[in-house]
Amino acid sequence: MKISNMFVLSNQNSIVDQYLSELRDVNIQQDRARFRKNLERIGELLAYELSKSLTYKSKVVETPIESTEVKVLGEQPLLICVLRASMPFFQGFLNIFNEADSGFVGVYRQEDGADLDIEFLYQATPDITGRELILIDPMLATGKSIVKTVNNLEKMGKPKSIHIVGVIAAPEGLAYISNEIKTQHKIWVAEVDRALNEKSYIVPGLGDAGDLAFGPKL
Ligand code: URA
């Protein structure tokens with residue numbers, strides 16, 4: 001599929017392919033600690049790639065030998081964690097952007113046959129106005145959670161730009177996000193899979209990321 005403002009980590013072979021294979025493998029993904037660790041590692045690697053697109057400024061530091069000009073991040077991004085499945089993946093971003101502000105939103109998939117409704121339940125974020133926003137959700141399936149999150153957050157103000165990050169995306173979700181989000185944005189994922197199934201799960205995907213990381217919910 002052709003989405004111009006998208007970065008796909010697995011377009012180049014790397015250790016990320018190994019982490020993805022462990023996340024997908026039904027025999028390995030049962031190890032919750034390893035599952036969370038692999039999400040966190042991919043978060044760190046995507047955060048590194050995304051960091052190349054941010055702005056930097058010069059400053060002078062004193063080394064023990066002499067003063068020298070160095071580059072530092074121009075402004076701290078604002079990380080938004082979509083509870084609950086995002087938490088390990090979000091931790092990877094926080095490991096890299098360790099001075100960033102963080103916000104949390106709670107969205108809930110209400111499955112009703114073929115229809116999927118997203119309830120927006122909880123929001124604890126700083127003001128997003130003028131911020132470099134990084135929206136973190138490991139499974140970009142229908143894209144509805146992300147669009148709902150952006151619509152709710154933008155009631156507060158306009159961010160400078162939006163980075164939407166995921167581990168695995170479905171083409172349907174990517175198309176929906178691109179059509180619905182009008183603010184300048186870029187999508188960063190580790191892999192794009194084939195499609196969604198009738199329950200709006202990604203195929204081949206990995207199953208339910210929240211359940212695999214934390215155990216089943218009611
Ligand atoms: N959420 C998941 O955890 N998995 C999917 O395939 C889709 C949404």
Just to check your reading of the model, which residue among E69, E62, E111 is farther than 21 Å from V189 by Cα, open to solvent by 70 Å² or more (accessible area, probe 1.4 Å) and in contact (Cβ under 8 Å) with a residue 60 or more places away in the chain?
E111
Let me confirm something: among G143, G166, which residue is touching a helix residue (DSSP H, G or I) at 6+ places or on another chain (Cβ under 8 Å), modelled with pLDDT of 95 or more and small (G, A, S)?
G143
Subset of the range 22-47, residues assigned to a helix (DSSP H, G or I) and surrounded by fewer than 13 Cβ atoms within 10 Å (Cβ to Cβ), comes to A33
Could you run through the range 183-192 and say how many residues are modelled with pLDDT of 95 or more and either surrounded by fewer than 17 Cβ atoms within 10 Å (Cβ to Cβ) or polar (S, T, N, Q) (or both)?
1
Assess whether L140 counts as being open to solvent by less than 40 Å² (accessible area, probe 1.4 Å) and more than 16 Å from the ligand (Cβ to nearest atom).
no
E172 - would you say it is more than 26 Å from Q30 (Cα to Cα), charged (D, E, K, R), surrounded by fewer than 17 Cβ atoms within 10 Å (Cβ to Cβ) and over 15 Å from the mean Cα position of the chain (by Cα)?
no
Qualifying residue in the range 15-30 (condition: under 26 Å from A170 (Cβ atoms) and touching a His at 6+ places or on another chain (Cβ under 8 Å))
no
Filter pass, I162 being more than 13 Å from the ligand (Cβ to nearest atom), buried (at least 17 other Cβ atoms within 10 Å of the Cβ) and in contact (Cβ under 8 Å) with a residue 12 or more places away in the chain
yes
Which ones in the range 17-50 are farther than 20 Å from L79 by Cβ and hydrophobic (A, V, I, L, M, F, W, C)?
L20, L23, V26, I28, A33, F35
Starting from residues that are within 9 Å of the ligand (Cβ to nearest atom) and over 20 Å from S21 (Cβ atoms), keep the ones in the range 195-218 and report whichever is nearest to the chain's Cα centre (by Cα).
G210
Would you please name the residue that is nearest to Y56 (Cα to Cα), looking only at residues in the range 102-154 that are under 17 Å from the mean Cα position of the chain (by Cα) and among the aromatic types (F, W, Y)?
F104
If L83 satisfies every condition in (1) free of Cβ contacts under 8 Å to residues at least 40 places away in the same chain; (2) over 12 Å from the mean Cα position of the chain (by Cα) but one, which is the exception?
(2)
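The values are calculated or read from the model by the stated rules, or taken from the named source; none is laboratory data. Source: prediction; values computed, not measured. Virtual Cβ from ideal backbone geometry, glycine too; neighbours counted across all protein chains shown. Ligands, DNA and RNA are excluded from the accessible area calculation, which covers all protein heavy atoms including side chains. Shrake-Rupley method; radii C 1.70, N 1.55, O 1.52, S 1.80 Å.
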